1. What is the local net charge at S36, summed over the other residues whose Cβ is closer than 15 Å to its Cβ (Lys, Arg +1; Asp, Glu -1)?
2. Let's see if you can work this out: charge +1 on each Lys and Arg Cβ, -1 on each Asp and Glu Cβ, no other charges. What is the dipole magnitude of segment 5-57 about its Cα centre, in debye to the nearest 20?
3. Using only the C-alpha atoms of segment 2-65, find the volume of their convex hull and express it per residue in Å³.
4. Once the other residues with Cβ under 9 Å from the Cβ of R111 are scored (Lys, Arg +1; Asp, Glu -1), what is the net sum?
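Bear in mind that the values in this text are calculations on the coordinates, not laboratory data. The structure presented is a predicted model; accordingly, all values stated were derived computationally and were not measured. Methodologically, a virtual Cβ is constructed for each residue, glycine included, from the backbone with ideal geometry; neighbour enumeration extends over all protein chains shown.
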Amino acid sequence: MDADMVVGTELRGLRRRRPEVAGTVLAGTDGLLISSDLPSTDATHLAALAAASFGLGNRVADTARRGEFRESVVRTTAGCVVTYPAGRTALLTLVTVTSAGDLEALHEEARAVARRAGSVLDNRDAGAPASAVPDAHAPLAVRTPMATLPAQLRRSARPTWRRPPI
């Protein structure tokens, strides 16, 4: 059976068993959309936000030394948005319509779906280079001092704007 069909079957099964799940997004840890049953614009934005949330949650978990990241939960007045790792390079995000009274039962079932879908995706992508999870100890940003740039770049990096005469 095709990997996309298996993943689709898993996501449809979760929606059928858990009526509080209003939508699903499967995305790469790089924020690129893999599959969704939400409107395309919402799905694309949610995929990117899920990746950012995962990166932040993964970093917080590592910094606090409290084990591996399991999920990110955003509770709203109208429901929840929950993101789970799915294999080495994917994320499963669920949008719920209520604040899910039995959130722990949903977590257990969603984690199992994320494991199975992630395993299928990992096996499908075994030969392709993956965009792995960034190193949690890597710097968030690196600045290059101007003095270390070649002279030609230093000149072109100077602002050229001048105040107009009054």
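1. Taking every other residue near S36 into account, the sum is -2.
2. Roughly 280 debye for segment 5-57.
3. Taking the convex hull of the Cα positions in segment 2-65, it is 111 Å³ per residue.
4. That works out to -1.
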